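> Got a structure for you, questions after.
The values are calculated or read from the model by the stated rules, or taken from the named source; none is laboratory data. Since the model is a prediction, treat every value here as computed from it, not as a measurement. Positions of Cβ are generated from backbone atoms using ideal geometry, with glycine treated the same way; all protein chains shown enter the neighbour counts.
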Amino acid sequence: MLHELTGADLHWVSLEDVCRRLKEPHTTAMDAALKYANDAELLTSGPLPVHSMMLTHKGVMAVRGKGKR
């Protein structure tokens, strides 16, 4: 989903845009998912509280199915 918002080029996307696209409110579950993705080096997020995020190259490769499984 984040890859669809960012397109081919990596750039920052606001958490508000992600929530709007998912049609989901910002919840603690979403915070846990963001922490997991950040810890797994799949995305970079802004400082706490998270307001924006960007896929890392590892995240892009995972989205494209080329990452290690």
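> Hey, could you check region 11-29 for residues that are within 22 Å of Met61 (Cα to Cα) and hydrophobic (A, V, I, L, M, F, W, C) and say which is farthest from the chain's Cα centre (by Cα)?
Only one residue tops the list, namely Leu22.
> Applying the selection to region 10-47, what residues are part of a loop (DSSP other than H, G, I, E, B), of a type outside the set (A, V, I, L, M, F, W, C) and closer than 21 Å to Arg64 by Cβ?
Listed by number, the residues that qualify are His11, Glu41.
> Related question: Which residues, counting only those in region 3-26, are modelled with pLDDT of 85 or more and among the small types (Gly, Ala, Ser)?
Once the filter is applied, which keeps residues that are modelled with pLDDT of 85 or more and among the small types (Gly, Ala, Ser), region 3-26 yields only Ser14.
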